[in-house]
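Reviewing the structure listed below.
The values are calculated or read from the model by the stated rules, or taken from the named source; none is laboratory data. Computed from a predicted model, the values in this text were never measured in an experiment. Note: ideal-geometry Cβ built from the backbone for every residue, glycine included; neighbour counts use all protein chains shown. Accessible surface areas use protein heavy atoms only, side chains included; no ligands, DNA or RNA. Shrake-Rupley method; radii C 1.70, N 1.55, O 1.52, S 1.80 Å.
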Amino acid sequence: MSAQDAAIPDEVLARLRDARGFIFDMDGTLALGDRVNHGLTPLPGAVEMLAWARARGLPYLVFTNGTNRSPAHFAAVLREAGLDVPDDAMMTPASSAVVMFTRRGYKRVMVLGGDGLTGPLRAAGIEVVPPVALRAAGRLGDRGPAAVDAVLVGWFREFTLAHLEAACDAVWSGAALYSASQTPFFATAGGRALGTSRAICAMITSITGCRLTITGKPSLDALRAASARLGVPARHLVVIGDDPLLEVPMAHRGHALAIAVQTGLTGPDAYDRVPPEKRPHLHLRGIDELLSLCRAAEQQP
């Protein structure tokens, strides 16, 4: 339902008024930067939206699918840009991966990515294995005892054929494959930019035929990890983002309130061909319009 084109249903306004927490996307929702998240600039209303939530004691998280930085580093960059994001209010697919891997009892994980992925895993006591050949001898694809429990793929522009061989070897040996994000693009001030994890995982799954699990958005596991961090059931959360493949599907999977904005990857026609049950509850121009609605909703009896 677009706030621009039609009256907002009372049920949606009531859910917004009664919301107990927020999950905000970063790129294209709260801020825009370049292709490596440098030079972040808050979008209109973003600073004020976070201030509004904090003043009312409503917890919030900023959840990005980016993994080129650690959550704490992302939070610091956002604070430098003027956005009030404490370290513990920042999540990435590495954050939810820690929850998923700990629950599954994983001890050793091969990571195709940088410090943004490896740091949170190491901090959680998970041994990080670089993407190198796991056996000094033997043919590629020989099945043997799994040297690692999982392979996790994220932002990794340094990817080479040797890394592909190492990842496939690990999967053939029994490791599960995880991707930080399967969306092909993310929003920047210069337009959309290509991610890496989907392309890399496409090669691994094509060669090995293995299954793939996503640790970031729109995974329900990711939403559950965010919900646990906030201490708020998912059905009482508001999830806001610009990517039709990420935030809105994730919100629907957890029965949260789904809000889409047009300041990133998409425009007003982004959901025209999407079945009604999969559309956002609200499709807004930007976070500034959401702030106006939140202020209006709290005035309702």
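Miscellaneous remarks
- Separation between Cα centres of the stretch 80-103 and the stretch 252-301, rounded to whole Å: 23
- For the chain, the pair-distance distribution built from all alpha carbon pairs, in bins 10 Å wide starting at 0, is 6, 29, 33, 20, 9, 2, 0, 0 percent.
- Contact order normalised by residue count of the stretch 145-301, Cα under 8 Å, 6+ apart, percent: 16
- Our summary gives the chain a relative contact order of 22 percent, counting only alpha carbon pairs under 8 angstrom and 6 or more residues apart.
- The chain - charge dipole about Cα centre, Lys and Arg +1 at Cβ, Asp and Glu -1, debye rounded to 20: 880
- Tilt relative to the chain, helix 287-297 - C-alpha long axis, 0 to 90 degrees, to 10: 50
- Result for the chain in a Gaussian network model with C-alpha springs under 10 Å: among 54, 253, 108, the largest mean-square fluctuation is at 54.
- Heavy-atom SASA rank of 85, 47 (probe 1.4 Å, accessible area, largest first): 47, 85
- Computed on protein heavy atoms with a 1.4 Å probe, the accessible areas place 102, 205 in the order 102, 205, largest first.
- For the chain, the carbon plus sulfur part of the accessible surface works out to 52%, probe radius 1.4 Å.
- For the pair residue 14 and residue 58, the difference between a 0.36 nm per residue extended length and the Cα-Cα distance amounts to 14.3 nm.
- Stretch gain in nm, segment residue 7-residue 158, where the contour uses 0.36 nm per residue and the Cα spacing is subtracted: 49.5 nm
- Remark: the chain carries 43 Å² of accessible area per residue (probe radius 1.4 Å; ligands, DNA and RNA excluded).
- Only one residue of 231, 258, 270 has its Cα farthest out toward the positive end of the dipole of the stretch 195-301, where Lys and Arg carry +1 and Asp and Glu -1 on Cβ, and that residue is 231.
- Sorting 15, 103 by accessible area puts them as 103, 15; the probe is 1.4 Å, largest comes first, and only protein heavy atoms count.
- Label-point separation, residue 205 to residue 107 (7 Å along Cα→Cβ), nm: 3.0
- Note on residue 56: accessible area approximately 110 square angstrom, rounded to 10, probe 1.4 Å, nucleic acids and ligands left out.
- Considering only beta bridges that DSSP places wholly inside the chain, some 15 percent are antiparallel.
- Using alpha-carbon coordinates, inclination of helix 161-172 to the longest axis of the chain, degrees: 90
- Student exercise, the stretch 153-300 dipole from Lys, Arg, Asp, Glu Cβ charges, in Debye to nearest 20: 260
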